[in-house]
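Structure first, then comments.
The values are calculated or read from the model by the stated rules, or taken from the named source; none is laboratory data. Treat the numbers as computed from the prediction; the structure is a model and nothing was measured. Note that each Cβ is placed from the backbone with ideal geometry, even for glycine, and that neighbours are counted across all protein chains shown.
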Amino acid sequence: MNQTVRRRWLLVGAVLAWLLAPWFAHRVMTDAGRIQVAALRLPAQGGQWIAADLFRPRSATAASPAPLAIVVPGFQRSKEALQNIAIELARRGVVAMVIDPYAQGNSSASGSSRAATDEGYGLFAVLEFVARTDLLDYIDKSRIVATGHSAGGNAVLLAASRFGREARRADRPSVLHSVFVSGYLLCFTDKNLREVRSNVGLSYALYDEGAYRNELGHGDLRRAPEALRMVNTARGAEFAAREEVELGRWYGDVAARGARVVWNEAELHPLQPYSREAIANQLGFFDKVLGLQHGLATSDQVWWWKELATFLCLLAAFVMLPLAARGLLGGAAAFRPLVQEVPPPSPRSARGRSFWALLVVGATIACVTYIPATEWSQQWFAAAANREQTWFFPQRMNNAVMLWALLNGVVGFGLFWLGRRLAGARGPIAGWRLGSGQWVRTVALATVLYVGFFGQLAFVYWFWHVDQRFLFLGGRSFDARILPLVAMYAPAFFPFFLQNSLRACCGMRHEGVPEWRSRLLAMFANSLGLLLILVAQYGWLAANGRVLWTDGWLYVNMLFAIAPMMFVLPWFHREFFAMTGRVQLGPLVMCPIFITLMVTNTVCYLPH
């Protein structure tokens, strides 16, 4: 099969996946039509707002109201990241509302720098709305529950404490019937727990990276003071205080809203929300406290089918990107002049000891500069680091990645130049020169591809209400509000993308080396430094029960999303280089696309 035929079949497969995968994901999300899914935007105090997705089983009506569960994602996560919980609860007859926390997703930033503590990430406002409105006549207001992971779990317990205090003062039941806290212990203090008037479930990953902050410094909850304090606030007949928690055992009385139960799954913090065991425990908790009768086992979970379908859709979108570029280069007269002969690869002699030494040096610099860059970002972008609304680089976490990328972009150019000198190369760089007219055409083509990529994503979301993602790797629907952010962040990232294209296309192509092997090497070289950080972090955790980088553990967790991007990036650069014989199209296409994906999937303290 020749290249042309292969590309046609690849295009057909990608288009079919793009058409069928979101339809299938929507079928899973709506339980084949038995669940109605709708987007909401709720007003909050101070002109703030909260974006949410509502999952209403069609069996929930004014004549037969159902319980309501509010789902709160954690730090750096949008509502789509925890739709799996909403799907499973809705399949079991519970109305589920999953929200974008303040400063995340499509919700506004908060006027408070302590939004999680003071406003429950938006949960407080949502609870006040649903408890008072008569519009949601299909929910049973006596059975409102909340669940959250990580910082979302913190918000949930603080809500139980706040509304429990109000209930005590008013001598009535709390607005919150029950709460489930996943992946967070710092809020389990005597002050917070004494006011709780709700059933409480706790789930914590045994190997949680943030466990160093716990009172015993690890994630084992059997004798953890936080878990013991929670269990010992149980209420019910003949309850006695405990000195050790029996995992999975129920303490207290559900009917009195005094039940407590603890689970301790053998998971990592970012993977816990996607553990079938952890989800089963959570579903079992709500089955019991809400008295649900639906006939589904806790192991009966379909959410992962949606994750696979949306991942396939994301994969199809990226596969279509170079195919679309090739079609435009061959079919549009304005772009045909961009097609140039691909320069020959470097001589085999250039792949000597100095080549491998510089590859190791580059990976080492990428590794050792990442954590310092996170510390510099907190000093140089203090407003975002302090969770204050600002127009000046308002994305706290991406500021660190930006500094790291800018530094390593400069280093990359230096290593490329040094590698040429050591290999004895002289004269102009083949594949680098681009005339002013070609620059204009290249930018125009990159713009068309950018608009097409996010246009298809917006269409999928508008038609099926699904984005393109896999777990916490997500391509969210386009929001015009992020365009100024892309214009702000992309120039700082562009040198990294440009040097990466230069090194992948001009520095790692050698005579006698198969194209696939050359590409694979470029992909590993580009991500090796970040992979070394993950190996060090989790190798240390496995050996010592505690992560190597403690204060910066959330920045390390970001690498689960960033490292895959860095791995595939050189492949795209080589694809575009093979079409144009020049290194510029790849970074001009991939930089704004990757930066847009980054800025739509992180906290953002942009004024509203």
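Regarding Val261, is this residue among the β-branched types (Val, Ile, Thr) and farther than 22 Å from Glu215 by Cβ?
no
Can you tell me which residue within region 338-353, out of those that are within 28 Å of Ala444 (Cβ to Cβ) and of a type outside the set (A, V, I, L, M, F, W, C), is surrounded by the fewest Cβ atoms within 10 Å (Cβ to Cβ)?
This residue is Glu341.
Please tell me if Leu457 is modelled with pLDDT under 85, aliphatic (A, V, I, L, M) and assigned by TED's automatic domain parsing to the domain that holds Val319.
Against the criterion (modelled with pLDDT under 85, aliphatic (A, V, I, L, M) and assigned by TED's automatic domain parsing to the domain that holds Val319), Leu457 does not qualify.
Here is a list: Leu221, Leu186. Which entry is in a loop (DSSP other than H, G, I, E, B), surrounded by fewer than 16 Cβ atoms within 10 Å (Cβ to Cβ) and either in the same structural domain as Ile144 (by TED's automatic domain parsing) or among the aromatic types (Phe, Trp, Tyr) (or both)?
Leu186
What number of residues within region 255-274 satisfy the criterion of being surrounded by fewer than 18 Cβ atoms within 10 Å (Cβ to Cβ) and free of Cβ contacts under 8 Å to residues at least 60 places away in the same chain?
2
Could you list, in sequence order, all residues of region 552-582 that are outside any helix (DSSP H, G or I) and touching an Asp or Glu at 6+ places or on another chain (Cβ under 9 Å)?
Scanning region 552-582 gives Gly552, Gly581.
Answer with yes or no whether Arg165 is buried (at least 24 other Cβ atoms within 10 Å of the Cβ), among the charged types (D, E, K, R) and within 29 Å of Ser142 (Cβ to Cβ).
Taking the combined requirement at face value, the residue does not satisfy it.
Looking at (1) part of a loop (DSSP other than H, G, I, E, B); (2) under 28 Å from Asn557 (Cβ atoms), which one does Tyr212 not meet, given that it meets all the others?
With respect to (1) part of a loop (DSSP other than H, G, I, E, B); (2) under 28 Å from Asn557 (Cβ atoms), Tyr212 is out only on (1).
So which of Phe335, Phe285 is under 30 Å from Phe75 (Cβ atoms) and either surrounded by fewer than 19 Cβ atoms within 10 Å (Cβ to Cβ) or aromatic (Phe, Trp, Tyr) (or both)?
Phe285
For region 466-481, state whether one or more residues are of a type in the set (Val, Ile, Thr), under 19 Å from the mean Cα position of the chain (by Cα) and either under 30 Å from Ala425 (Cα atoms) or surrounded by 14 or more Cβ atoms within 10 Å (Cβ to Cβ) (or both).
Yes: one or more hits.
Where residues in region 370-412 are of a type in the set (Ser, Thr, Tyr) and at pLDDT 90 or above, which of them is nearest to Gly529 (Cα to Cα)?
Tyr370
Among the residues that make up region 583-590, is at least one of them touching a strand residue (DSSP E or B) at 6+ places or on another chain (Cβ under 9 Å), closer than 30 Å to Pro101 by Cα, of a type in the set (A, V, I, L, M) and part of a helix (DSSP H, G or I)?
No, that holds for no residue.
Quick check on region 272-284. Is at least one of its residues assigned to a helix (DSSP H, G or I) and farther than 25 Å from Ser178 by Cα?
no
What residue, of Phe75, Phe129, is under 25 Å from Ser142 (Cβ atoms) and of a type in the set (Phe, Trp, Tyr)?
Checking each option against the conditions leaves just Phe129.
Could you check region 74-91 and list, in sequence order, the residues that are over 13 Å from Thr147 (Cα atoms), in contact with a helix residue (DSSP H, G or I) (Cβ under 7 Å, 6 or more places away or on another chain) and at pLDDT below 95?
Answer for region 74-91, where residues must be over 13 Å from Thr147 (Cα atoms), in contact with a helix residue (DSSP H, G or I) (Cβ under 7 Å, 6 or more places away or on another chain) and at pLDDT below 95: Phe75, Gln76.
Within region 431-447, how many residues turn out to be surrounded by fewer than 17 Cβ atoms within 10 Å (Cβ to Cβ) and either of a type in the set (S, T, N, Q) or in a helix (DSSP H, G or I) (or both)?
7
May I ask you to list the residues in region 118-128 that are surrounded by 16 or more Cβ atoms within 10 Å (Cβ to Cβ) and modelled with pLDDT of 90 or more?
The answer is Leu123, Phe124, Ala125, Val126, Leu127.
If only one of Val245, Val179 is closer than 23 Å to Leu292 by Cα and of a type in the set (Val, Ile, Thr), which one is it?
Val179
Being among the acidic types (Asp, Glu) and over 18 Å from the mean Cα position of the chain (by Cα) is the filter; apply it to region 98-127 and report the residue that is farthest from Ala44 (Cα to Cα).
Selected residue: Asp118.
Being outside any helix (DSSP H, G or I) and free of Cβ contacts under 8 Å to residues at least 40 places away in the same chain is the filter; apply it to region 168-183 and report the residue that is surrounded by the most Cβ atoms within 10 Å (Cβ to Cβ).
The selected residue is Val179.
Being within 25 Å of the chain's Cα centre (by Cα), over 30 Å from Val451 (Cα atoms) and in the same structural domain as Pro394 (by TED's automatic domain parsing) narrows it down to one of Gly512, Gly586, Gly529, so name that one.
Residue meeting the stated conditions: Gly529.
Based on what the data block shows, is Ala155 among the aliphatic types (A, V, I, L, M) and not in a strand (DSSP E or B)?
Yes: the conditions hold for Ala155.
Among the numbered criteria (1) closer than 20 Å to Cys187 by Cβ; (2) crowded, with 17+ Cβ neighbours inside 10 Å; (3) touching a residue at least 60 places away in the same chain (Cβ under 8 Å); (4) not acidic (Asp, Glu), which one does Ser78 miss?
Result: Ser78 passes all but (1).
Is there a residue in region 368-386 that is farther than 30 Å from Arg114 by Cβ, free of Cβ contacts under 8 Å to residues at least 60 places away in the same chain, in a helix (DSSP H, G or I) and over 30 Å from the mean Cα position of the chain (by Cα)?
no
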